[in-house]
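Shown next, in C-alpha cells, is the structure this report addresses.
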Amino acid sequence: MARLCVNIDHVATLRQARRGTEPDPVWAAVQAELGGADGITFHLREDRRHMQDRDIERLREVVQGPLNFELAAVDSIIDFACRIRPAMAMLVPERREEVTTEGGLDVAGQVARLRNVVAKFADHAIRASAFIDAEARQIDAARACGFSVCEIHTGPYAIAHNTHHRLDHPDVARELDRIASGGRLILDAGMQFNAGHGLNYRNVGPIAALPGVTELHIGHSIISRAVFDGLREAVREMKRLIGEASS
C-alpha cells in the first residue's frame, strides 16, 4: 500500500489571509497524523506566502512521522532545510506569480547545480527528491544528479480527469500510462517512485494502484474535505481509498 503524506500548506494559506494565528498548520499536522497520515509535507516558498520559518521549526518538534520539505533550489532555503533536517527534501520549480506549482522541475537543464544540492543534502543525512514530469530525460538527469527519489507530477492526469469526469476517458488513460511508464523508469534506475499534485478522492485510485509507487503527496483535496468533515476523517477516507486500490 502506498504511504500517504499530507500537505498542510493550504491551512497556512488560510491563516495568512488574515495574517493571524489560526488555523495553525502545526495543529493540522497533528490531526493528520491522528487520522493516519504516514508523513507531513510542506513547501517553504521564497516569498513566504503560506508556511513560515517558525511553522517548520515547530513541525520539527511536534510531528512524529517523517517530514517532506518542498523547496526551490535557493541557497537560503537549502541552508534552512539542512538545519531542520527533514527526512526528505523535494526540489520543485517555483515562480512568484503562480498560484501553485505548475510543472515539474527541469533537472536536465541544471544537472551541475542540482548535483551539488543533492550532495549537500546527503552531507546532512537528508534524502533528495525531484518533482518532475513523466519524461525519460528528466528521470535520467535525476539519476545522474544522485537523487534517491523522483515524484511524478500528476497534474496533467488530474486536469484530464477534471475535464472529462471519467477515469476511462482516453485522455485520462493516456496521462495515467505516462505516469506508469515514468514510474517504471524510476524504479529501473534504482530510485523511489512517488506521485502527487492534483490528486483527490475521485482520481486517486488508479494512481495508488500503480505498481511500485511508494508515496502519494496530497494536500488540497484533503484540506477541502476537512472543512466539512474534519481533518482526521478526511485523512482516514483518503487512506481507505488508497488501501482499496492497492489490495
ask   = Condition test on Ala141, is it touching a His at 6+ places or on another chain (Cβ under 8 Å), touching a residue at least 24 places away in the same chain (Cβ under 8 Å) and farther than 16 Å from Thr41 by Cα?
value = no
Here, helices (runs of 4 or more DSSP H) confined to segment 169-247 with at least 3 residues that are small (Gly, Ala, Ser) are 170-188, 220-229, 231-246
Scanning segment 1-52 for residues that are closer than 28 Å to Ala208 by Cβ, part of a loop (DSSP other than H, G, I, E, B) and out of contact with any Asp or Glu (no Cβ under 9 Å at 6 or more places or on another chain) gives Met1, Pro23, Gly36, Ala37
For segment 53-62, does any single residue satisfy the condition of being over 17 Å from the mean Cα position of the chain (by Cα), crowded, with 21+ Cβ neighbours inside 10 Å and more than 18 Å from Glu237 (Cα to Cα)?
yes
Scanning segment 79-99 residue by residue, those at pLDDT below 95 and out of contact with any Asp or Glu (no Cβ under 9 Å at 6 or more places or on another chain) turn out to be Glu97, Glu98, Val99
Among residues of segment 1-16 being aliphatic (A, V, I, L, M) and modelled with pLDDT of 95 or more, the residue surrounded by the fewest Cβ atoms within 10 Å (Cβ to Cβ) is Leu14
The residue that is nearest to Asp229 (Cα to Cα), considering only those in segment 153-168 that are over 16 Å from the mean Cα position of the chain (by Cα) and in a helix (DSSP H, G or I), is Asn162
Restricted to segment 120-146 and to residues being assigned to a strand (DSSP E or B) and of a type outside the set (A, V, I, L, M), the residue farthest from Asn194 (Cα to Cα) is Arg127
Filtering segment 28-52 for residues that are within 17 Å of the chain's Cα centre (by Cα) and either under 24 Å from Ala125 (Cβ atoms) or of a type in the set (Lys, Arg) (or both) leaves a count of 12
Practice item. Test Phe228 against the stated conditions and say whether it is touching a helix residue (DSSP H, G or I) at 6+ places or on another chain (Cβ under 9 Å), surrounded by fewer than 16 Cβ atoms within 10 Å (Cβ to Cβ) and among the hydrophobic types (A, V, I, L, M, F, W, C). Key: yes
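The values are calculated or read from the model by the stated rules, or taken from the named source; none is laboratory data. Small disclaimer: the values here were computed from a predicted structure and weren't measured. With ideal geometry, Cβ positions are generated from the backbone for all residues, glycine too; neighbour counts draw on all protein chains shown.
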